[in-house]
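Student: Just dropping this structure here.
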Amino acid sequence: MEYEVVQTEDVPMTDLSDVDEIPPDLRIRALDEFFETDALNLKLWYFEPGDEIQYHAHSEQEELYYVLEGEFSLKLGRSGDEEYVEAGPGTFWIAKPEIGHGHRNVGDEEGVVLAIGAPATEDPGLDPHSLEDGDDE
């Protein structure tokens with residue numbers, strides 16, 4: 001099919017706490033699996049108050065995030081140059097390859113973040129503290 005339209009509630013919810021190999025224990029809607037995307041990873045992440053995705057980086061994937069609901073504290077930047085930024089609904093941020101990023105729901109309500117990553121590769125999180133301060137940009 002050349003196009004598809006879907007309501008959020010029609011995309012199955014996955015509870016990652018049921019999957020030992022995948023931290024953190026959050027819930028997601030894997031839009032990329034539902035739409036069978038080729039060029040990007042696409043997820044809706046659901047955060048209870050205090051839930052977080054820890055500070056990490058990817059070797060080749062860029063990620064764009066968008067806060068739909070909730071209040072988040074972002075940790076962004078290369079190791080040793082991290083910055084903390086507050087983010088609420090309507091906030092975008094991007095993490096280039098090898099740039100550390102993580103975020104925590106600091107609000108009292110559920111938070112929802114749309115995450116778009118490209119290329120669509122298996123690119124597990126790396127420890128940003130183990131990456132060299134690269135000049136490859």
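Student: Tell me, what ³J(HN,Hα) does each residue in region 30-39 have, in order and in whole Hz, if you take phi through Karplus 6.51 cos²θ - 1.76 cosθ + 1.60 with θ = phi - 60° and put x for Gly and Pro?
Tutor: Ordered by residue, 3J(HN,Hα) equals 7, 4, 5, 6, 5, 8, 6, 5, 9, 9 Hz.
Student: Another one. What are the ³J(HN,Hα) couplings of region 109-122, residue after residue, when phi is run through the Karplus curve with 6.51, -1.76, 1.60 and θ = phi - 60°? Round to Hz, x for glycine and proline.
Tutor: Per residue, the Karplus-derived 3J(HN,Hα) values read 10, 4, x, 10, 10, 8, 10, 10, x, 8, x, 7, 10, 6 Hz.
Student: Okay, next question. Based on the alpha-carbon gyration tensor of the chain, what equivalent-ellipsoid semi-axes (square roots of 5 times the eigenvalues) come out, in whole Å, largest first?
Tutor: After diagonalising the Cα gyration tensor, the semi-axes are 24, 19, 14 Å.
Student: Hey, can you rank 41-47, 6-12, 76-82 by average C-beta count inside 10 Å, highest first? Provide the component values of the computation, followed by the final result.
Tutor: Working: 41-47: 20.4, 6-12: 10.1, 76-82: 15.1.
Descending packing order for the listed peptides: 41-47, 76-82, 6-12.
Student: What number, in percent, do you get for the relative contact order of the chain if the mean sequence gap of Cα pairs under 8 Å and at least 6 apart is divided by its residue count?
Tutor: Values: 316 pairs, mean separation 38.3, N = 137.
Taking the mean separation of contacting Cα pairs over the length of the chain, I get 28 percent.
Student: Could you check which residue among Gly107, Gly90, Gly50 shows the biggest mean-square fluctuation in a GNM of the chain with a 10 Å Cα cutoff?
Tutor: Answer for the Gaussian network model of the chain: Gly90.
Student: What FRET efficiency would be calculated for the residue pair Asp10, Ala39, taking the C-beta separation as r and a Förster radius of 25 Å, to the nearest 0.05?
Tutor: Details: r = 22 Å, r/R0 = 0.89.
After rounding to 0.05, the efficiency reads 0.65.
Read-outs: derived from the displayed coordinates by stated rules, not from any lab. Because the structure is a prediction, the values reported are computed rather than measured. Counting neighbours? That spans all protein chains shown, and the Cβs are built from the backbone with ideal geometry, glycine included.
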